[in-house]
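To keep things clear, I will list the structure first and then write my remarks on it.
Each value in this text was obtained by applying a stated rule to the coordinates, not by laboratory testing. Here the structure is a predicted model, which means the values were calculated and not measured. Here Cβ is always computed from backbone atoms with ideal geometry, including for glycine, and neighbour counts include all displayed protein chains.
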Amino acid sequence: MTDKTFNVEGMSCGHCKAAVEEELGKLSGVERSNADFEKGTVEVRYDEKRVTTGDIKNAVEEAGYTVAV
Ligand SMILES: [Cu+2]
């Protein structure tokens with residue numbers, strides 16, 4: 001398992017947090033995620049054999065936010 005923190009732009013409340021976490025939860029290789037809208041980050045624990053950082057970025061974008069590199 002890999003733990004990585006991504007910077008997410010555009011989150012402003014608990015709804016945003018939930019939306020990001022829900023979308024990441026749809027990826028079968030993601031064990032858990034914890035978004036923090038105040039810091040603008042999401043910590044993701046995932047299986048790097050099944051999920052790429054690109055998949056994670058796509059999921060965050062699917063939720064309506066942007067991953068800042
Ligand atoms: Cu919000």
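Among the residues of the stretch 1-40, which ones are within 10 Å of the ligand (Cβ to nearest atom) and among the hydroxyl-bearing types (Ser, Thr, Tyr)?
In the first step, residues of the stretch 1-40 are kept if they are within 10 Å of the ligand (Cβ to nearest atom); the result is 10-20, 37.
Hit for the stretch 1-40 is Ser12, nothing else.
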Leading residue by the ranking (surrounded by the most Cβ atoms within 10 Å (Cβ to Cβ)) among those in the stretch 40-69 that are of a type in the set (A, V, I, L, M) and more than 16 Å from Val30 (Cα to Cα):
Val67
